[in-house]
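The block underneath contains the structure these notes are about, expressed in structure tokens.
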Amino acid sequence: MHKLIRTLGSAMLALSLVGCGLVYVPDVQQGNFLDKKDVDQLKPGMTKHQVLVLLGSPSVHTPFNQNRWDYVSTQQHRGGKIKIRTFTLTFNNDTLVRTDGDFFAQDPEKMLEDSKKYHVTYPVDETQGDKSNGGTEDGGMTPPEGGTR
């Protein structure tokens, strides 16, 4: 009986630690990891062999279309939302003709951080033109000091 209580207590302690986030959850990267400088070297007219040497083998081979290579990568940061990135190469007669994909799309938070360097600010407390004006006709604005509406 004492052993059962000790086992249940250990299990409860372990579950409470998992719930508190004290257990380490690693970052998980799966699929192809493409380097931007390697992708920038791609040129229309390259052969499949040249692309294979430069980027490595694609993660998805389509059995019905041998002229399409897909590089897919998933990344999950410490148990968070999974980001899926794709990069598609299209060939015609063993020659690269087109590249598509969002493999190097910027993270929205990074884009916001970059936009701050341009000092673009918009008034946050402006209510003119707001449709949710609290039932007043003029948008709920108060008259300026000493003035009338």
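The values are calculated or read from the model by the stated rules, or taken from the named source; none is laboratory data. Only a predicted model underlies this, so the values are computations on that prediction, with no experimental measurement involved. Positions of Cβ are generated from backbone atoms using ideal geometry, with glycine treated the same way; all protein chains shown enter the neighbour counts. Accessible surface areas use protein heavy atoms only, side chains included; no ligands, DNA or RNA. Shrake-Rupley method; radii C 1.70, N 1.55, O 1.52, S 1.80 Å.
Criterion applied to G19, G9, G45, G79 was being of a type in the set (G, A, S), surrounded by 11 or more Cβ atoms within 10 Å (Cβ to Cβ) and either outside any strand (DSSP E or B) or modelled with pLDDT of 80 or more (or both), and the one residue passing it is G79.
Regarding segment 23-35, can at least one residue be identified that is of a type in the set (G, A, S), open to solvent by less than 80 Å² (accessible area, probe 1.4 Å), touching a strand residue (DSSP E or B) at 6+ places or on another chain (Cβ under 8 Å) and modelled with pLDDT of 85 or more? Quick ask: steps written out before the conclusion?
Let us first name the residues in segment 23-35 that are of a type in the set (G, A, S), namely 31.
Restricting the remaining residues to those that are open to solvent by less than 80 Å² (accessible area, probe 1.4 Å) gives 31.
Pick out the ones that are also touching a strand residue (DSSP E or B) at 6+ places or on another chain (Cβ under 8 Å) and you get 31.
Now restrict to residues that are modelled with pLDDT of 85 or more: none.
No, segment 23-35 contains no residue that is of a type in the set (G, A, S), open to solvent by less than 80 Å² (accessible area, probe 1.4 Å), touching a strand residue (DSSP E or B) at 6+ places or on another chain (Cβ under 8 Å) and modelled with pLDDT of 85 or more.
Check whether at least one residue in segment 84-101 is at pLDDT 85 or above and aromatic (F, W, Y), and report yes or no. The answer is yes, given that some residue of segment 84-101 is at pLDDT 85 or above and aromatic (F, W, Y).
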